[in-house]
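Worksheet: the structure to be examined is printed underneath.
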Amino acid sequence: MKRLSAVYAAFYHAAVPIFVIDRDGTITDANAVFTGKYLELHSSILGANIFRDMASRPSAQPFYEKRKAAVEMVFASRQFASIQEIIDGKCFLRSMYPSLSRDGTVDKCFIVTQDISEQYDLLERFREQESHWDITSESCRLGLWKLDLKKMAIMTTAEHDRIFGVEPYSIKWTPRSFFKMIASEDRRQVGSIVRNSFTARSDDRFECRIRRRDGSTRWLSVFAKHQFDRYGKLTHLFGVTQDITEKKELETRHEELQQQLHQSQKMELLGQLAGGIAHDINNVLTTIQGNTDLILDGMPETNPHHQNLFSITNSVKRSTEMVGQLLAFARKQPISPQFIELDGELKRIHQMLGKLIRQNISLHLHLQCPHLLVKIDPSNLVQIVTNLCINARDAIAEAGSISIDTSVVAAKDSGNLQRVASGTSGEYATITISDNGAGIDKQVVPHIFEPFFTTKAIGAGTGLGLSTVYGLVKQNNGHIACRTKIGKGTTFEVFFPIASNTALASSAPDTLEPICTERSRGTILVVEDEPDIAKIIRIVLQNEGFTVFIAKDAAEAFSITNAIEGYPCLVVSDIMLPGMNGVQMSRKLLASKPDMKFLFMSGYSAETLGEFGTFDPDTNFISKPFSLIRFVNLVNTILKQKA
């Protein structure tokens, strides 16, 4: 009885409102605080029903079912229950405690009522502020977080979780769960940065990669600011996380474009150097060839020196081929582009390649571009495919395979084409040559198209194979890309613009008239700044019965044409002259003498000399070095042509 009295004493004198209800919700008792607080609301507290009270008050009606369910649960399960109600603008917490009878059943329920309006308002303001932070965080695409160093728990915004690829608030963040999502290759570096910042008591800023649960990789920028208490103890870290993947991709693409630009500039400079050297060598070879031809022309085969001179001629031819490779790299080799059916041409090349590939290497042809036309010099296509296949052959130590495939790609959809020719558009015919050989080291790949660069043993190659391919591809308006992996083989992709189907009909080559063998007498002006070459040309033309004048530049050529009676029937001129070049000189001479004929010479090809002036495709042109027989035949052919 004493214990019961003590309980009721505590009940009646408690500082918070408490009342007692039966199973029907009727108030059977109430303490002084409750009676004093609510007396003005009811004429009689005892006997009032908490459910009828709610039914009569509009602001309380929304919580009717919630209160009834809680009361029924207390009486049925003998368990504590609590509900929160907002009535007349105030928030109340109802805590319900079961009272057991002697037989163990619940016959009464004590309800403690607390006015928590202030706490509720504070909570609502906090939630509203939190919602504002979430909206701001999402709008700015910034993930906000706070680390409690005592609890080692991290609070985050919804945007933070979305950046990490998880449902907002679906996981409990800790430093361990954060580090677990950092990419393994960045984990050690990030750990070192964090440790150093704690030691230095300074804020952190770093970039790292994360692995999302879906397997994707994202780049993040993370900023963390330290917070200290009034005693100088570090208590919290506040931070901002931003997804910078797109920025990183742009930086990577920019770096690739810069490297591509530098590589292109380097190749262009190498091309200019190679072309300049080849031009000078061709002048030397022209002199050697010409003098040798002059000596051989009057020498019987029984002469003991005849074979030596013939050997010199063969050496000049081999040197000319090497110079031709340099000119191909420099894109200054003579070419004769034609519209050809790509697959048909590759079938013919395939038959020839069988003789170059070892028997333990299988050569496969997969052609998927029937009747597709490209404009290219057929001999250049042979050189390109042959060189690439020979390189593939040399990369295979024992047994292996080489595959030649054709396909059509849209420039915008081809990453490899965009990598070597950014901004290219339209459709391209693609020749893909793949092998399963040794592959190429990634450090070597940027240099493979450079002249004289080779990874083969000394004496096993000239280093001009791939540089020749590069030059020929570029000269025919194409692009070339390389994909390779050590031990997995190499793939070269060659891209050429697709020509229209109507092009083939108009691409038939003109048939030349038979070379004139009759001697044409007249005056020929030779404009050449290399004295040895000019001397040889004078001798051979005089032997053909022509009167020959020599000028070393355009100024002398103008003086001679003005001094002689009439004008020369032919002007043989080098294009690269000191001062005014040969094309400019010819235009000035034709202005006053429109019937004058010209034959141009150069160590470069005609197609590359546009910078020296307008160069008509039908212009008479001969590349150095040349044989004297070919030169004389061309002179006679030009003089035979009608003006």
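The values are calculated or read from the model by the stated rules, or taken from the named source; none is laboratory data. Just so it is clear, the model here is predicted, and its values are computed rather than measured. Positions of Cβ are generated from backbone atoms using ideal geometry, with glycine treated the same way; all protein chains shown enter the neighbour counts.
Which count do you get for residues in the range 570-584 that are in contact with a Leu (Cβ under 8 Å, 6 or more places away or on another chain) and closer than 10 Å to ALA554 by Cβ?
Going through the range 570-584 one residue at a time, the tally reaches 1.
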Task: Enumeration of residues in the range 396-417 that are of a type in the set (A, V, I, L, M, F, W, C) and under 20 Å from MET352 (Cβ atoms) - done: ILE396, ILE402, ILE404
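To keep it simple, each residue is scored yes or no on (1) of a type in the set (A, V, I, L, M, F, W, C); (2) outside the structural domain of LEU589 (by TED's automatic domain parsing); (3) at pLDDT 90 or above; (4) within 15 Å of LEU599 (Cβ to Cβ).
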site	(1), (2), (3), (4)
PHE549	yes, no, yes, yes
LYS552	no, no, yes, no
ILE564	yes, no, no, no
VAL572	yes, no, yes, yes
- [ ] Within the range 234-251, count every residue that is in a helix (DSSP H, G or I) and more than 12 Å from ILE210 (Cβ to Cβ).
- [x] 6
Open item on the list: Restricting to the range 536-557, name every residue that is buried (at least 17 other Cβ atoms within 10 Å of the Cβ), in a helix (DSSP H, G or I) and not aliphatic (A, V, I, L, M).
Closed with: ARG538
- [ ] Report yes if ILE524 is at pLDDT 85 or above, under 18 Å from ASN633 (Cβ atoms) and out of contact with any Gly (no Cβ under 6 Å at 6 or more places or on another chain), otherwise no.
- [x] yes
Open item on the list: Considering only residues that are aromatic (Phe, Trp, Tyr) and part of a helix (DSSP H, G or I), which ones fall in the range 389-440?
Closed with: none
TODO: With respect to ARG201, determine if the residue is out of contact with any strand residue (DSSP E or B) (no Cβ under 8 Å at 6 or more places or on another chain) and either within 17 Å of GLU159 (Cα to Cα) or surrounded by fewer than 13 Cβ atoms within 10 Å (Cβ to Cβ) (or both).
DONE: no
Task: Within the range 388-410, considering residues that are under 30 Å from HIS254 (Cα atoms) and free of Cβ contacts under 8 Å to residues at least 60 places away in the same chain, the one surrounded by the most Cβ atoms within 10 Å (Cβ to Cβ) - done: SER407
Open item on the list: If a residue must be surrounded by 13 or more Cβ atoms within 10 Å (Cβ to Cβ) and either part of a strand (DSSP E or B) or of a type outside the set (A, V, I, L, M, F, W, C) (or both), how many such residues does the range 142-168 contain?
Closed with: 17
- [ ] Please find, within the range 199-218, the residue that is nearest to ASP186 (Cα to Cα) out of those that are at pLDDT 90 or above and of a type in the set (S, T, N, Q).
- [x] THR217
Open item on the list: Residues that are in contact with a Leu (Cβ under 7 Å, 6 or more places away or on another chain), over 20 Å from HIS160 (Cβ atoms) and free of Cβ contacts under 8 Å to residues at least 40 places away in the same chain: does the range 202-224 have at least one?
Closed with: no
